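Each reported figure results from applying straightforward, stated rules to the coordinates on display, with no laboratory input. This is a predicted model, so every value here is computed, not measured. Methodologically, a virtual Cβ is constructed for each residue, glycine included, from the backbone with ideal geometry; neighbour enumeration extends over all protein chains shown.
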Amino acid sequence: MISKNYNNTTLQENRSNIDILKEFAENTNREIFYKEEQYSLSIYRQIPRYKTTVYISENNNKSAIYALFNDPYLKTDSPNVFCGSFITIPDTIKGRINIRKVNTLDRLNIFRKKSLPSFLSKDIIANTIIEYDNESDLKILLNNKALEQLIIKAVNISDLTRVTINQLDTNFITPIKGETTLGIINPQQWIIDSIYIEKHFAIANDISDYI
C-alpha cells in the first residue's frame, strides 16, 4: 500500500504523488481536480509549506468522491491530513457522528455497552465504537441491517479508518460543497494505492444506495 504522511511535505513530493493520482484517474476514466497553495515565507517560516487538496470524482453516474487534504497550519480541531471517500446524505442528520473499529482495549472495557442506545444491533455493538451528538441522528443512520453491515465493512478497511458525518470541512470538494456528507476516512495520512482507492469507491457507493 502506498501511503504518505504529509506534515512535512515539499512541493516536489506533492507533485510526484499527484502524478500517481492523475494516472489512476486517467486509467479508470475518472476526473481529478487538485490545488496547491504555498504559505508565505517569513523570518520564522523559511521552509515552504503548502495547502494541498485533491479529489477524484466517480464515473458511470456513481456519486462517491475520493478526496485528499493536507494543510500543515490548519487551525481547527479537525485533522490537518486526511484522505477518504465521501458521499452526500440527507440533511436530516444534524449532529456529528464518528464510528471506528473496536480494538482490544475497547473489548476489555466492561462498561462500554451499558451506555449505548437500545436500538443498536448486536453486530454494530460488537464491531464498532460510536461517538455521536444526538441519538436521533444515530437512529436515522443505522436504520437497516444492510447499511449496518456496510459500515462495519468500511471501518475494517484499516485500523485507522473512521466513518464520519459532519466532522470535516469538505467545501474544497466542489460537487458536494455545502452538503451534509458521510466520509470513510483515514485521518492521519494520504493513501494513493489504486486497490485501496477502488475499495473506498465501492463501499461508499454501496452505502449511498441505502442512505
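Points worth noting:
- The range 20-50: chymotrypsin sites (Phe, Trp or Tyr not before Pro) in DSSP coil with no more than 16 other Cβ atoms inside 10 Å: Tyr39, Tyr44
- Along the chain, the exposed loop sites are trypsin sites (Lys or Arg not before Pro) outside DSSP states H, G, I, E and B with at most 11 other Cβ atoms within 10 Å, and the longest stretch free of them is 76-176.
- Taking amide H as placed 1.01 Å from N in the peptide plane, the amide H of Thr181 sits under 5 Å from that of Ile89, Asn166, each at least 5 places away or on another chain.
- Charge tally around Ile125: other residues with Cβ under 10 Å, Lys/Arg +1 each, Asp/Glu -1 each, net +2.
- Using a Förster distance of 35 Å, the FRET efficiency for Gln46-Leu74 (Cβ separation, nearest 0.05): 0.95
- For the chain, alpha-carbon Rg over 2.2 N^0.38 Å: 1.06
- In terms of distances greater than 25 angstrom between alpha carbons, the cross-link table entries Lys22/Lys75; Lys51/Lys177; Lys22/Lys145; Lys51/Lys153 yield Lys22/Lys75; Lys22/Lys145; Lys51/Lys153.
- Rounded to whole Hz, the Karplus (6.51, -1.76, 1.60) HN-Hα couplings of the range 118-134, x for glycine and proline: 5, 7, 5, 6, 4, 5, 5, 5, 6, 10, 9, 10, 10, 10, 8, 8, 10
- Net charge of neighbours whose Cβ lies under 11 Å from the Cβ of Thr170, counting Lys and Arg as +1 and Asp and Glu as -1: -1
- Surrounding net charge for Asn29, when Lys and Arg each add one and Asp and Glu each subtract one, Cβ distance under 12 Å: -1
- Loop sites in the range 97-157: chymotrypsin sites (Phe, Trp or Tyr not before Pro), DSSP, at most 16 other Cβ within 10 Å: Phe111, Phe119
- Most positive-pole-ward Cα, Ala64, Leu41, Val81, against dipole of the chain from beta carbon charges: Val81
- Residue list for the range 88-115, given a label point 7 angstrom along the Cα-to-Cβ vector of Asn134 and an amide N cut-off under 18 Å: 89-99
- The alpha-carbon atoms of the range 120-211, seen along their principal axes, cover 34, 29, 25 angstrom, with the largest extent given first.
- The charge dipole of the chain, taken about its Cα centre with unit charges on the Cβ of Lys, Arg, Asp and Glu (plus for the first two, minus for the last two), comes to roughly 580 debye.
- Selected from Ile184, Ile125, Ile87 as most flexible by GNM, with the chain as the system and alpha-carbon contacts under 10 Å: Ile125
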